[in-house]
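> Below you'll find the structure I mean.
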Amino acid sequence: MSISPATAPATCAAQLPQVTHARNPGHALDLDWVSAVQANTSAIERRAATLPGRRSVKKDYQAAWLCKAVSLIDLTTLAGDDTEGRVRRLCAKARQPVRPDLLAALGMEGLTTGAVCVYHEMVETAVRALEGTNIPVAAVSTGFPAGLSPYRLRIAEIGESVRAGAAEIDIVISRRHVLTGNWQALYDEMREMREAAGAAHVKAILATGELGTLRNVARASLVCMMGGADFIKTSTGKEGVNATLPVSLTMIRAIRDYQAATGHKVGYKPAGGISKAKDALVYLSLMKEELGHPWLQPDLFRFGASSLLGDIERQLEHHVTGRYSAANRHAMG
Ligand SMILES: O=C[C@H](O)COP(=O)(O)O
């Protein structure tokens, strides 16, 4: 997949204006080359299918890797029946994600999750519950999950969440811009949302399960990065298909190509349906192999997950004690 402006088809060149990367104003890119982005889908499918078998996270180090995974979780509750009480309990779990005796045995005292992720209405509650920690609050915004509320309201919602104390904003893109190939509209939307967030970090949710093809995923990834997204994120968790390895490989390679073209590092957040410790290890090895160690830190990688932490805690308990407690055996069925 080439992202050189020089590869843009001549026919497209006249149709779309030149744009500037939102975070690198000196670095001009032609938006029209996005139309030329290729994604070798069969190669991506083949490589993704073999990843679990050849993952490079060794068993001996699994406990350390699982603790690393905990530190990268955006601990999430995004349910219609969320209450302040549930959000306070979630925040308590973010502060103390694993039993203290297990963490002490592993030498991992002080471990917290990467962030807490909630709807706008719960931001203030979460901010209060996390006072005195460095755990940021992420708000899903812009008419999450469909992103089909009036545009000005979606932009206003970003500002509201920032004022309520959210340090990170997870925006949803308009899928129709991708499905109709209207890259300029997607770029303009992304750029305006980026501006509305001010100093807050912006994660662009592509809702890849609704984008039709991996080529669309690759193109949408690039346009969102050009528009200033700090992270690109797979899914809301509400689509029929959420984070998958082929989609992840496509987005990760877009991040790699974008860095090669601009020098700008963009983060990655797979989200939706990641609930098993072993899946988290596969994702971490994918990041390590494709992008290297910088993408194993919370400023460049997060899991969006509501139930992953429970399974990781069960595996850590087994690692430390050699057995599962009665409560955990019950939880595993
Ligand atoms: O952004 C995070 C997702 O909504 C979480 O999805 P999940 O509940 O399937 O883990």
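> Given Cβ point charges of +1 (Lys, Arg) and -1 (Asp, Glu) and nothing else, what value in debye, to the nearest 20, does the dipole of the range 5-331 about its Cα centre take?
Its charge dipole is roughly 900 debye.
> Would you mind pulling out the separation of the Cα centroids of the range 274-327 and the range 193-244, in Å?
22 Å
> Taking +1 at the Cβ of each Lys and Arg and -1 at the Cβ of each Asp and Glu, which of 90, 214, 292 sits farthest along the dipole of the range 5-331 towards its positive end, judged by Cα position relative to the Cα centre?
The Cα lying farthest towards the positive end belongs to 292.
> Same structure, new question: Report, by chain and number, residues whose modeled amide H sits under 5 Å from the one on residue 169, excluding near sequence neighbours (fewer than 5 apart, same chain).
Residues meeting the amide H criterion: 139, 201, 202, 203.
> What does the highest-first list of 178-185, 62-69 look like by mean Cβ count within 10 Å?
62-69, 178-185
> Scattering from the C-alpha atoms of the range 149-198 alone, worked out with Debye: what is log10 I(q)/I(0) at q = 0.13, 0.30, 0.32 1/Å?
-0.31, -1.17, -1.25
> Same structure again: Once phi is turned into θ = phi - 60°, what whole-Hz ³J(HN,Hα) does the Karplus curve with 6.51, -1.76 and 1.60 give for every residue of the range 158-168, x standing for Gly and Pro?
4, x, 4, 5, 5, 5, 6, x, 6, 8, 9
> Which value, in debye to the nearest 20, describes the size of the charge dipole of the range 171-251 about its Cα centre when Lys and Arg Cβ atoms bear +1, Asp and Glu Cβ atoms bear -1, and nothing else is charged?
The dipole magnitude comes to about 180 debye.
> Please list, in chain and number order, the residues 5+ apart from residue 271 or on another chain whose amide H is under 5 Å from its amide H, with Hs placed from the backbone.
234, 235, 243, 304
> Which links in 68/288; 203/265; 93/238 stretch past 19 Å when you go from one Cα to the other?
Checking Cα-Cα distances, 93/238 exceed 19 Å.
> Just the projected area, averaged over all directions, of the convex hull on the alpha carbon atoms of the range 55-134: how many nm²?
Result: 6.4 nm².
> Turning to a different aspect of this structure: Lys/Arg Cβ at +1, Asp/Glu Cβ at -1, dipole of the range 99-183 taken about the Cα centre: which of 146, 116, 169 is farthest positive-ward?
It is 146.
> A further question on this structure: What full-extension length gain, to one decimal in nm, is calculated for residue 213 and residue 50 as 0.36 nm per residue of separation minus the Cα-Cα distance?
So the chain would gain 56.6 nm between residue 213 and residue 50.
> Ordered by packing density, taken as the mean number of other Cβ atoms within 10 Å over each peptide's residues, highest first, how do 89-99, 202-212, 241-251 rank?
202-212, 241-251, 89-99
> Taking a ≥ b ≥ c as the square roots of the Cα gyration tensor eigenvalues, with a/c under 1.5 meaning rounded and otherwise prolate when a/b beats b/c, else oblate, which class fits the range 175-271?
It comes out rounded by the Cα gyration axes.
> Follow-up. Give me the Debye-computed log₁₀ of I(q)/I(0) at q = 0.08 Å⁻¹ for the range 5-331, equal point scatterers on Cα only, no solvent, two decimals.
-0.36
> In nm, what is the difference between 0.36 nm times the number of residues separating residue 259 and residue 64 and their Cα-Cα distance?
67.3 nm
Computed from the coordinates by the stated procedures, all read-outs in this text should not be read as laboratory data. Just so we're clear, the structure is a prediction, and the values are computed from it rather than from any experiment. Backbone-built Cβ (ideal geometry, glycine too); neighbour counts: all protein chains shown.
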